[in-house]
Amino acid sequence: MPGTHIPQRMPIAPTTVLNARALERTVARMADQIVEQSDGSENLVLVGIQRRGVQLADRIAQVITQREGAAVPRGALDITLYRDDLQTVGPRPIVGKTVIPCAIDGKTVCIVDDVLYTGRTIRAALDELADFGRPARIMLAVLVDRGGRELPIHADVVGRTIDVPIRGRVDVLVSELDGRDEVTMVIAGEES
Amino acid sequence: MSAPLGKDLLGLEHLSAEQITLILDTAEPLREISERAIKKVPTLRGATVVNLFFEASTRTRISFEFAEKRMSADTVNVATSASSVTKGETLVDTAKNLEAMKIDMVVIRHASSGAARFLAERIESNVINAGDGTHEHPTQGLLDMLTLRRHFGTLTGKRVCIVGDVLHSRVARSNIWGLTKLGAEVAVCGPRSLLPTAISEFGVQVFDRVEQAIEWADALNVLRLQLERMTAGYIPSLREYNRVFGVTRERLERAPRDLVIMHPGPMNRGVEIDSEVADGPHSVILEQVTNGVAVRMAVLYLLAGNAPALAEAAKGGDR
Amino acid sequence: MTEHRDVLLKGGRLLDPSSNRDGVGDLLIRDGKVEALGGVIAAPDGADIVDCAGQVVSPGFIDVHCHLREPGREDVETILTGARAAAAGGFTAVCAMPNTDPVTDNQAAVGFVLKQGSAAQAARVYPIGAISIGQNGERLAEFGEMVHAGAVAVSDDGRPVVSAQLMRTALEYARTFGIPVADHCEEPTLAAGGAMHEGFVSARLGLKGIPAEAEEIMAIRDILLARLTGGHVHLCHMSTKGSVELIRWGKDRGITVTAEACPHHLSLTDAEVEGYDTNAKMNPPLRTAADVEAVQQAVKDGTIDVIATDHAPHHNDDKQREFSEAPNGIVGLETALAVNVTWLVKSGILSLGTLVERMACAPARLFGLPGGTLRRGTAADITVFDPAQAWTVDPNGFRTKGRNTPYGGRILHGRVGCTLVDGRIVYQKMG
């Protein structure tokens, strides 16, 4: 089972979906599932999507190292240049760092991202990874799946599935960038 | 900030420090693309870029071409001899023809100062100045700054001396504008016959002897001295230029600190710079070339697509 | 090289404007340097004693403009004969113009002149390098190489620098080396074919004249270019009233323009040409009385910074020709002091101190040369002369090979008694 489905009423103010402790537990469980689904960590490479996917990938790697006793190679992927909406997105998004630490041919690459929504980010990430090599398998692990897919993209490991209306948003905050660990949800028009 | 640089990149004189920093910050991560096995990102797929070079240039044109191709753009090279310009077609008509062919971007190098702006005012495509007369060469200035910034960590307070024929150098002008905007201290050094009379109004120090420049600077940007300067009578001979102004190992040995040595290329070995220096441990000349491709990719990226802002789509990330 | 001897100059009037000194006293030279001066000095054992009573002891004169003809016309003068003539005239140093054959436009030629001057063991010889290769007015000479080899300035004298662009570039390029650019101011199309000053005398004599404006146009051009470039322009042999007014204009505006005048332009007018004497033919030519007076006043007030000779020996055969065909130039090293004393000091226009300033101190200062001072510890380049002594100018007695002087047979006042360079006597008057 990918995760716990919690039916939500429509909140009118930003609400906490996961607090720091809950987030930590969820991340730990995701790490276990990734190891389980990849048949062990020997061939595994975690690649976090800029920006918060990178921090999540770091934490997952730490858990795996604790549990399995082995270091997992971690990379970061910035998909800005591969977006399919660059012409319409407005302000030129700043391009972040892409670092792929090792050859990925034949490896199991697990993409890690914070929120899965339309699936276009992951589509871009798959295109970019293809330019780096040919993994034996690519998996996807996301902290939050909010539905609303526009492409046939599917996450193998999900932290929490949350139904969010179109005008709503889910934000993942990490202490490294935002000062605290939290997942919040808000309906657009009340608070941004 | 839907078009952070505006429609064109014509020079650095009228860019703000923020805009210049944006280009450098964008270029940094783009360097990595040239290290991949597949040196390509799909960002400019379907965009058409014309390299309109009215002045012969191998290195700049190749650098732009790599940048364009690595962004997956379609490129067309137009060199003077092959184009209809030699049949007497004016720059205006060239511009209109390009526009009629729905070109997205034009990279232009021309022997007349102001030619890039002339073109930019007449076509809707983005125009990138790859060197216009003795006016500006903005991408060279930017790659020089990126190279220095990477080396020192910052440009603020760094002392950069441009050595050579500043009078005829668009590279010098772009460097002066860009570096001073980002807080560096800039000086020039050369024979007075090759410095503009009003040089002090550029906000730079002037050194008459290269020894003084070496004493003062953190970095030297050594300009190519062209043979034409001798035949036109600005200096008596290339040999004397090397003896008086040449950046030689002996002179650098007396420097109080390790100087970074830059050169926009192509070099006249043994004239403005000795081989030992150009190939030596303090030279960052090859890094400049690497950074050149990244800077040009960044410029293409930041100029491409002038759609108005869609705030919602932009914020929060469309996942 | 002979050893340095101790020399005591006894009882002369020590006149050194550079240190505000003017008073009778002794001067002791040891090891080629001024060891002590003023008051009574005891002579060390073995010292040569020169009795200077009634004479003036001043810093050695420096001539920033002369033509020594070597290489190329050794029949007319050599660096040796020229240096000796200079010493006889009280000059401890001269600057040799580069219009030799071949032209002194490269480091090897500069080195040659320096070497010959050194071998002469008389007045010091400082080479001036050419501005353009071959003095052709087209391509810049290698200033750096020439300065490195010993050149102290650059000039195309003999000829004007016709191209303003070349003059501009020369002034800019010379800044790197801190040397002056000396120009012979003559607008060639106005001056073409002229043999003397254009005025009433030339009209009467039927000789084509050179108008004052030919000089003035180039003078103001050079002054403006000095303003544009920030360089140092030195205007050679200024001869007209208009020129000195323009120099004054330039100096008032802080432009780095310096100027020289020659003794003949401070003493003689175009009236000398009556009789078609080619010894009165030089370039720029002798002008009118009003011009002479204006140039004299300019020397007095400092608008003209230095007096230089433009010593230009010619072979008698060359000068003995129809006036319009004869070459320009007169010798001047051995008559300069006397002409200046007679026309400027005795007439009350200049004090002797000012004359010494214009002949010794200013030349050193403006061209960055050592000398021009009697300060303790400096090299003993000294002139001992009697400003009152009258003598008759006899060209046949000159040490210069040239005999072309307009002063032959005249009685002038001011005679050099003794000239010392580096503490060695390089000239001493007989008797």
Go through B:217-226, C:46-55, C:315-324 and give me the packing order, highest mean Cβ count within 10 Å leading.
B:217-226, C:46-55, C:315-324
Give me the one-decimal nm value for the distance between modelled label points at residue A:163 and residue C:411, 7 Å along each residue's Cα-to-Cβ direction.
13.5 nm
For the range B:105-147: rounded, prolate or oblate by the Cα gyration tensor [a/c cutoff 1.5]:
oblate
So if we plug the beta-carbon distance of residue B:37 and residue B:62 into 1/(1 + (r/R0)^6) with R0 = 22 Å, what FRET efficiency do we get, rounded to 0.05?
0.60
Can you find, among B:205, B:231, B:193, the residue farthest towards the positive end of the dipole of the range B:167-251? Put +1 on the C-beta of Lys and Arg, -1 on that of Asp and Glu.
B:231
Simple spin-label estimate for residue C:49/residue B:90, 7 Å along Cα→Cβ, in nm, reads 9.4 nm
Using alpha carbons only, how many degrees (0 to 90, rounded to 10) separate the axis of helix C:164-175 from the longest principal axis of chain C?
30 degrees
³J(HN,Hα) computed for each position of the range C:25-30 - Karplus, 6.51 cos²θ - 1.76 cosθ + 1.60, integer Hz, glycine/proline x:
x, 9, 9, 9, 10, 9
Label points 7 Å out from Cα along the Cβ direction at residue B:215 and residue B:14: separation in nm?
4.1 nm
When all C-alpha to C-alpha distances in chain B are sorted into bins of 10 Å, what percent of pairs does each bin hold, rounded to whole numbers?
6, 26, 33, 23, 10, 2, 0
Pull up the cross-link candidates among the lysines for residue C:346, meaning alpha carbon to alpha carbon under 27 Å and not fewer than 8 places away within one chain.
C:10, C:241, C:281, C:300, C:429
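Under the rule that an exposed site lies in a DSSP loop and has at most 14 other Cβ atoms within 10 Å, name the longest stretch of chain A with no GluC sites (Glu not before Pro) of that kind, not counting the sites themselves.
By the stated rule (loop sites, at most 14 other Cβ atoms within 10 Å), A:43-149.
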Per residue of A:79-85, other chain Cβ atoms within 10 Å number on average 5
Using the alpha-carbon atoms, what tilt in degrees (0 to 90, nearest 10) does helix C:212-229 show relative to the longest principal axis of chain C?
70 degrees
Degrees, to the nearest 10: C:289-301 long Cα axis against longest axis of chain C
50 degrees
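Would you mind calculating the relative contact order of chain B from Cα pairs under 8 angstrom and at least 6 residues apart, reporting the percent as a whole number?
21 percent
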Taking the Cβ of each residue in C:418, C:66, B:161, A:102 as the centre, tally the other Cβ atoms inside 10 Å and list the residues starting with the fewest.
A:102, C:418, B:161, C:66
Within 10 Å of each Cβ of B:190-202, how many other protein chain Cβ atoms are there on average?
3
Efficiency by 1/(1 + (r/R0)^6): what FRET value for residue C:3 and residue C:390, r their Cβ-Cβ distance, R0 = 30 Å, to the nearest 0.05?
0.20
Unit charges at the beta carbon, dipole of chain A: most positive-side option, A:41, A:80, A:161:
A:161
Estimated dipole of the protein assembly as shown in Debye, rounded to 20 [Cβ of Lys and Arg +1, of Asp and Glu -1, Cα centre]
1340 debye
Find the relative contact order for chain C and round it to a whole percent, using C-alpha pairs within less than 8 Å whose residues are 6+ positions apart.
20 percent
For the range C:350-366, in residue order, the Karplus 3J(HN,Hα) values (coefficients 6.51, -1.76, 1.60; θ = phi - 60°; whole Hz; Gly and Pro = x) are 10, 7, 4, x, 5, 4, 4, 4, 6, 9, 10, 6, 5, x, 4, 5, 6
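Nearest 20 debye, what's the magnitude of the dipole of the range A:98-192 about its Cα centre given +1 on Lys and Arg Cβ and -1 on Asp and Glu Cβ?
About 380 debye.
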Net dipole in debye of the range C:171-252 [+1 Lys, Arg Cβ; -1 Asp, Glu Cβ; about Cα centre; nearest 20]
120 debye
On a full-extension model of 0.36 nm per residue, what is the gain between residue C:297 and residue C:324, subtracting their alpha-carbon distance, rounded to one decimal in nm?
6.6 nm
What relative contact order, as a whole-number percentage, does chain A give when Cα pairs under 8 Å and 6 or more residues apart are counted?
28 percent
Less than 22 Å apart at the alpha-carbon level, and either on another chain or at least 8 residues along: which lysines does that give for residue B:102?
B:7, B:69
Provide Rg and Dmax in Å for the protein assembly as shown, with only Cα atoms included in the calculation.
40.9, 131
What FRET efficiency would be calculated for the residue pair residue B:237, residue A:66, taking the C-beta separation as r and a Förster radius of 60 Å, to the nearest 0.05?
0.25
Of the options B:53, B:216, B:248, report the single residue whose Cα projects farthest towards the positive end of the charge dipole of chain B (beta-carbon charges: Lys, Arg +1; Asp, Glu -1).
B:53
Residue by residue through the range B:274-279, what is 3J(HN,Hα) from phi via Karplus (6.51 cos²θ - 1.76 cosθ + 1.60, θ = phi - 60°)? Round to whole Hz and write x for glycine and proline.
8, 4, 4, 7, 4, 9
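Readers should treat all values here as calculations from the given coordinates under stated rules, not as data from a laboratory. Every value quoted in this text rests on a predicted model; they were computed, and no experiment measured them. Cβ coordinates were reconstructed from backbone atoms using ideal geometry, including for glycine residues, and neighbour counts include every protein chain displayed.
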